[in-house]
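Taking it in order: structure first as structure tokens, then the write-up.
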Amino acid sequence: MSGLPKQPHDPNLIVGFDKADDAGVYRLRDDLALVQTLDFFTPIVDDPFVYGRIAGLNSINDVWAMAGTPITAMAITCFPKKGVDPAILADIMRGGLDTLIQYGVTLIGGHSVDNEQIMFGYSVTGVIDPNKVAKNSGARPGDVVILTKPIGTGVISTGIKRGVADEAVVQKSVETMLTPGKYAAEAMREFNVKGATDVTGFSLLGHAWEMAKASEVTIEFDAGAVPLIDGAFELAAAGMLTSGDKTNREYVGDDIEVSPAVDQTLLKLFYDPQTAGGMLIAVPEEMATTLLAKLMKSYPWARRIARVSTKQGYSIYVR
């Protein structure tokens, strides 16, 4: 989208696509704005109903990542007319609807395309107070960075496709993906958090890099503090990587310094694309302990994983 002509200035556009935020935010009035997002992807688990549930939550999470409240959704699907039982699509859509109903989001329509590769997701609209939007550009020097969920869904998905992921590991991954960002959004509104994003396809380091660039700061990671899904490290060590490992490294590029002491397998997980990943929240030091305690009631894996400093030579340091 960076190659598109510049749009006329709209004073009601609070968040557009220029800072790589999770969703757009458009002011309707002084106390009300719309949050809009869209996401869909290929199957990452074998069970179509579970795939639909995860796709629904993955889409809704982008509204929660802005500290918004999702209200409506429209389904988007690519599915082959021939060669695949249409009952599978019905199961996928039932799974998605199950998630929407669970979190009070109303399905109002959708669009489908005949395509050999199955894909599914939603366009989601939410609402928010324009004064309580959490953005990529909201991190400030001195902030503590909290991650609400462990990482590793990408390598586990590859392990599933290659038939080498243990069922217990798969269940841990599914449990993680189906944990909603709803409670993080509620906490962000309560603590008036200004800097946040969710960790999805661009990986932990990719999304942290977006936040650092948008906020014009440096984010310094404590590699040992980052929570991992049980079994993900072993799968990464066995080479169960997605194509995102390469593309996410290219995305961050040379704007990162990694200590030689950081385990290379662990670094692979930091570049692992996530589905329905956790919230990455930047909060002032004096609020961090209280916010983390609140988050851990819903996200027992939540941890402090990084600090924000004034802009240095690189946007990201991993130590």
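Every read-out reported here was derived from the displayed coordinates using simple, explicitly stated rules and does not represent laboratory data. If you're wondering where the values come from, they're calculated on a predicted model, not measured in any experiment. Note that we place each Cβ from the backbone using ideal geometry, even for glycine, and neighbour counts take in every protein chain shown.
Things worth noting here:
- Estimated vicinal HN-Hα couplings, Hz - segment 204-219 in sequence order (Karplus 6.51, -1.76, 1.60; Gly, Pro = x): 4, 6, x, 6, 5, 4, 4, 5, 4, 5, 5, 8, 6, 9, 10, 10
- Chain lengthening between M287 and I71 when straightened (0.36 nm per residue, less Cα-Cα): 74.8 nm
- Along each principal axis, Cα extent of segment 42-191, largest first, Å: 54, 37, 24
- Across the chain, the mean sequence separation of Cα contacts (distance under 8 Å, 6 or more residues apart), normalised by length, yields a relative contact order of 24 percent.
- Rg/Rh ratio calculated on Cα atoms of segment 224-314 (Kirkwood radius): 0.98
- Here segment 26-82 is treated as a Stokes sphere of Kirkwood radius computed over C-alpha pairs; at 20 °C and 1.002 mPa s its diffusion coefficient rounds to 162 µm²/s.
- Candidate cross-link partners of K82 among the aspartates and glutamates, defined by an alpha-carbon separation under 15 Å and a same-chain spacing of 8 or more, comprise D114, E116.
- Net charge over other residues, Cβ less than 15 angstrom from the Cβ of A214 (K, R count +1; D, E count -1): -2
- Fully extending the segment from E257 to Q117, taken as 0.36 nm per residue of separation minus the present Cα-Cα distance, adds 46.6 nm.
- Share of alpha-carbon pairs per 10 Å distance bin for segment 136-199, given as whole %: 18, 39, 25, 16, 2
- Debye log10 I(q)/I(0) for the chain, one point scatterer per Cα, at q = 0.10, 0.14, 0.16 Å⁻¹: -0.54, -1.09, -1.42
- Selection among L4, A288, G253 by position relative to the dipole of the chain gives A288 as farthest towards the positive end (Cβ unit charges, Cα centre).
- Rounded to the nearest 20 debye, the dipole size of segment 135-318 about its Cα centre is 400 debye, using +1 on the Cβ of Lys and Arg and -1 on the Cβ of Asp and Glu.
- One Cα centroid belongs to segment 226-240, the other to segment 94-128; the line between them spans 30 Å.
- Distance violations [Cα-Cα > 23 Å] among K19/K132; K19/K268; K6/K194; K149/K182: K19/K268; K6/K194
- Amide H contacts of Q274: T200, G201, F202, S203, each under 5 Å away and 5 or more positions distant or on a separate chain (H built 1.01 Å from N in the peptide plane; Pro and chain starts excluded).
- Value of D in µm² per second that Stokes-Einstein yields for segment 13-131, Kirkwood Rh from Cα pairs, at 4 °C (1.567 mPa s): 88
- Candidate aspartates and glutamates for bridging to K294, where Cα separation is under 13 Å - those fewer than 8 sequence places away on the same chain excluded: E186, E190
- Taking the Cα centre of the chain as reference, the dipole from Cβ charges on Lys and Arg (+1) and Asp and Glu (-1) amounts to some 360 debye.
- Restricting the trypsin sites (Lys or Arg not before Pro) of segment 68-157 to loop positions (DSSP other than H, G, I, E, B) with no more than 12 neighbouring Cβ atoms within 10 Å leaves K81, K82.
- Quarter of the Cα convex hull surface for segment 135-318, i.e. its orientation-mean projected area (nm²): 9.4
- Note on K246: aspartates and glutamates with a C-alpha under 13 Å away, same-chain residues under 8 apart excluded, are D272.
- Averaging the Cα positions of each part gives two centres, and for segment 153-213 and segment 6-54 these lie 17 Å apart.
- All other residues whose Cβ lies under 12 angstrom from that of V105 are scored, Lys and Arg at +1 and Asp and Glu at -1, for a net of 0.
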